[in-house]
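Remarks on the structure that follows.
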Amino acid sequence: MKPLFKNITKYTAKNYKDFAEFHTNKYSFSQNAYTLIMSVLLIYCIIINIKSKDILLVLAFILILAAFLAWRIYLPNKRYQKLQKELNSKKETGFIFSFYKNYFTINKKTIYYFKLFKVFETKDYFYLYIDEDTAALVSKKGFEIGTAEEFSNFIRKKCLLKFSKEQ
């Protein structure tokens, strides 16, 4: 079967860094808001239990708050540092994307459009999120079959509620 669109995108350290920055900017507010709300609720539980003089529950909520903050702050920072190390050691690689009616392939791996988590269009790329943290970077300059504008219309229809165009 002949693909509707074909794209060859070279992944470089700069591409990865651009994506990491985009991903961090896109999701940092919702992550920070969630962390703030949960922290306030846990502190409220600590205060209520201090007033009722239930020391065991106070200690339990303090431990829960400490574990939650470690999970929400320390682990993402550790993951980010690891990602930065990996980015600095990445070699340039190329990926071939072939887009068909109901699915696309990345170097022979098949992914169905309905399984995509989210799709973002930026000035230079389409970010096809496979899950919350993993995305395929499709360069707008890499189309060999079709154009970036035609692909934008196509992927918007395929992922109607998951598609977002960034300015």
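For Ala136, the criteria (1) in a strand (DSSP E or B); (2) touching a Phe, Trp or Tyr at 6+ places or on another chain (Cβ under 6 Å) hold in every case but one, which is (2).
Here the stretch 108-122 is the region considered, the condition is being within 21 Å of Lys10 (Cβ to Cβ), touching a residue at least 40 places away in the same chain (Cβ under 8 Å) and not aromatic (Phe, Trp, Tyr), and the residue that is surrounded by the fewest Cβ atoms within 10 Å (Cβ to Cβ) is Thr122. Residues that are modelled with pLDDT of 90 or more, within 20 Å of Lys165 (Cα to Cα) and in a strand (DSSP E or B) do occur in the stretch 106-118. What do you reckon, is Leu65 in contact with a Leu (Cβ under 6 Å, 6 or more places away or on another chain) and surrounded by 11 or more Cβ atoms within 10 Å (Cβ to Cβ)? Spelling it out, Leu65 is indeed in contact with a Leu (Cβ under 6 Å, 6 or more places away or on another chain) and surrounded by 11 or more Cβ atoms within 10 Å (Cβ to Cβ). Please work out if Lys2 is more than 22 Å from Val119 (Cα to Cα) and either in contact with a strand residue (DSSP E or B) (Cβ under 9 Å, 6 or more places away or on another chain) or modelled with pLDDT under 75 (or both). So Lys2 fits the description; yes. Candidates in the stretch 17-48 are the residues that are surrounded by 14 or more Cβ atoms within 10 Å (Cβ to Cβ) and farther than 20 Å from Leu69 by Cα; of these, the one that is modelled with the lowest pLDDT is Lys26.
Summed over the stretch 139-154, residues that are free of Cβ contacts under 8 Å to residues at least 12 places away in the same chain and either touching a Phe, Trp or Tyr at 6+ places or on another chain (Cβ under 6 Å) or over 20 Å from Ile8 (Cβ atoms) (or both) total 1. Take the conditions (1) among the polar types (S, T, N, Q); (2) at pLDDT 95 or above; (3) assigned to a strand (DSSP E or B); Asn153 misses just one of them, which is (3).
Looking only at the stretch 124-136, count how many residues are of a type in the set (A, V, I, L, M, F, W, C) and over 11 Å from the mean Cα position of the chain (by Cα).
1
Summed over the stretch 95-123, the residues that are of a type in the set (Lys, Arg) and within 17 Å of the chain's Cα centre (by Cα) give a count of 2. Once the stretch 137-166 is narrowed to residues that are closer than 17 Å to Phe95 by Cα and aliphatic (A, V, I, L, M), the residue that is surrounded by the fewest Cβ atoms within 10 Å (Cβ to Cβ) is Ile145. State yes or no: is Leu128 surrounded by 15 or more Cβ atoms within 10 Å (Cβ to Cβ), farther than 17 Å from Pro3 by Cα and without any contact (Cβ under 8 Å) to a residue 40 or more places away in the chain? When the stated conditions are applied, Leu128 passes them.
The values are calculated or read from the model by the stated rules, or taken from the named source; none is laboratory data. Note that the structure is a prediction, hence the values are computed from the model and not measured. As a convention, Cβ positions derive from the backbone with ideal geometry for all residues, glycine included, and neighbour counts pool all protein chains shown.
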